[in-house]
Each structure stands twice: as structure tokens, then as C-alpha cells.
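Each remark here refers to the structure printed beneath this line.
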């Protein structure tokens, strides 16, 4: 009888503790993080993240998760104040100033899914901006962008800026190869 009560309790406690310690899923706003969260919501609502447009609801969902990964103390140590995350500054420029592990960058990317941002469609929207491809071409692009390539593109754009993709010869080559499989999907002349 004791095992029937203790085992489920231990499992529930372990799940609760693991979710509290995971900065990628933690959307808690503390006193220290609130000014950063508020500023980041404004920036993300106005400018998106990298090349990904966001709604105000998505920005409000992402901001606390990202601030919890970046941590107010580390932001301060990098000289980043809430005002520097204000509109017209750009999150990716500031995030590059905070040293992040690969796991932490992964948490930033994973937060998109937690906030109902379809990265694949958002990226397809970005690469087809100013061009109206038909649904077949859009589907071709979505298929051409593997999950791994998409994660690496977004990781670089978030932490180093969109221009960093062009500066990474291997990554830009992989992106070009993927996009070139769908010649009708993008407007090469207008790029």
C-alpha cells in the first residue's frame, strides 16, 4: 500500500522540480526580471525575433522564457539594461552580448514551440516576403527546410543577428541549397 502512494508522489515531485529548473519552459516573472520582460515584449512585438514576425501574444509568451534563460544578472553583467532592449534596438544584437551554452540557445529556440510560433511557416513567410508563391511552392520550401537546418538558422539569427547567417559559409550554403530546390518559391531577382 505504501508503494502505491509513495511512487506516484515521488514521480510527481520529480516532474515538478524538473519543470521549475528548466529555464526554457519557465515563464515566471520575478521582480528582477519584470523590467527586462516588459522591454523585451515591446521589442519583440515591434521587430520580431531575427527574421520571424511575432504577434503581441507570442511576444508576451516568449519574453519571460527568454529572460529566464538569459537571466537578469547576466544581462546586467553584459551591460544590458531594460532600456537597451527597448524598441528599435533589436533582441538579436543584445543577445549576442550574453555568452550562452548550446543548451541555453536550444531553450531560446524551443520557446517558440511553447508559444505557438510555427518556425517553419514563419521562416517560409520570411524568405517569400514580397513574393506571392503558390501553395505548392510554399509546401516545397517547407519540405526543403529540414528541422535541423531551421533550428541552426534560428539559433544563429537569435544570438548573432540575421547577417551572421550570410557570414557562415556552410550555413548559408545549406540554406541556398535548400531554397534552390524550389525555384518558383522565391523571387531571386528581387532578393
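Under a plain spin-label model, where a point goes 7 Å from the Cα along Cα-to-Cβ, how far apart in nm are residue 143 and residue 120? Label at residue 143, label at residue 120, 1.1 nm between them. The label point for residue 110 and the one for residue 168, both projected 7 Å from the Cα toward the Cβ, are 1.9 nm apart. Please grab the % of Cα pairs in the range 121-180 that end up more than 18 Å from each other. More than 18 Å apart: 31 percent of the Cα pairs in the range 121-180.
Please quote Rg/Rh for the range 35-152 to two decimal places, taking the Kirkwood radius as Rh and restricting both calculations to Cα atoms.
Radius of gyration relative to Kirkwood radius: 1.00.
Taken together, the values in this text are just the output of simple stated rules run on the coordinates, not laboratory data. Since we're looking at a predicted model, the values are computed, not measured. Note that we place each Cβ from the backbone using ideal geometry, even for glycine, and neighbour counts take in every protein chain shown.
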